[in-house]
1. Going by the conditions given, is residue 43 assigned to a helix (DSSP H, G or I), more than 30 Å from residue 8 (Cα to Cα) and out of contact with any Cys (no Cβ under 6 Å at 6 or more places or on another chain)?
2. Any residue in region 62-88 that is of a type outside the set (A, V, I, L, M, F, W, C) sitting within a Cβ distance under 9 Å of a residue that is surrounded by 11 or more Cβ atoms within 10 Å (Cβ to Cβ) and not in a helix (DSSP H, G or I)? List the pairs, counting only those 6 or more apart or interchain.
3. Mind listing whichever residues of region 61-95 are loosely packed, with under 11 Cβ neighbours inside 10 Å and within 19 Å of the chain's Cα centre (by Cα)?
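The values are calculated or read from the model by the stated rules, or taken from the named source; none is laboratory data. All values reported here derive from a predicted model rather than from experimental measurement. Reconstructed Cβ throughout: ideal geometry from the backbone, glycine too, with neighbour counts over all protein chains shown.
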Amino acid sequence: MKLYEHQPHPHIEARKKRIPKARPPKEGSLARFNAFLGEGITKGVGTMWCAYAFAIIAFISLPDAIHTGTSALISWIAQTFLQLVLLSIIMVGQKVEGAAADARADDTYKDAEAILHEALEIQKHLEAQDACLQKLIEAYQKDAKPGSGPS
């Protein structure tokens with residue numbers, strides 16, 4: 001008689017068949033082209049070198065903004081410098097944060113794998129104990145005489 005029958009969670013078998021994907025599959029040649037182009041532009045603009053280049057371009061127009069007056073200078077700061085230069089810097093920061101988030105997600109996935117492995121090992125250990133206990137119960141029942149109770 002088995003004391004416990006292990007019922008694995010259905011997600012365990014489904015997870016074994018599925019490989020985690022970095023990005024969803026793309027459908028159609030236009031969607032693939034758009035994804036390729038968007039990824040390429042994002043990788044290019046999201047670098048500090050691009051931020052430096054944008055800063056140089058922005059500073060070229062700074063003297064004219066200063067000579068035109070306060071209104072033009074404020075406009076230059078808001079529309080030229082902040083939008084042009086900070087865009088790239090923000091993208092660099094997002095890339096760094098995204099890499100950290102990916103590393104945390106990968107660690108979490110590996111932790112879950114390890115916990116699952118440990119839980120399965122515990123299950124094997126408990127099954128071995130159940131088998132041992134069952135042998136002891138059977139040996140006790142075999143040695144016990146019918147009609148004799150505890151003294």
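1. Details: assigned to a helix (DSSP H, G or I): yes; more than 30 Å from residue 8 (Cα to Cα): yes; out of contact with any Cys (no Cβ under 6 Å at 6 or more places or on another chain): yes.
So residue 43 fits the description; yes.
2. 80/61; 88/46; 88/47
3. none
Here's the yes/no breakdown for (1) assigned to a loop (DSSP other than H, G, I, E, B); (2) surrounded by fewer than 10 Cβ atoms within 10 Å (Cβ to Cβ); (3) at pLDDT 70 or above:
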position	(1), (2), (3)
2	yes, yes, no
6	yes, no, no
23	yes, yes, no
26	yes, no, no
31	no, no, yes
54	no, no, yes
58	no, no, yes
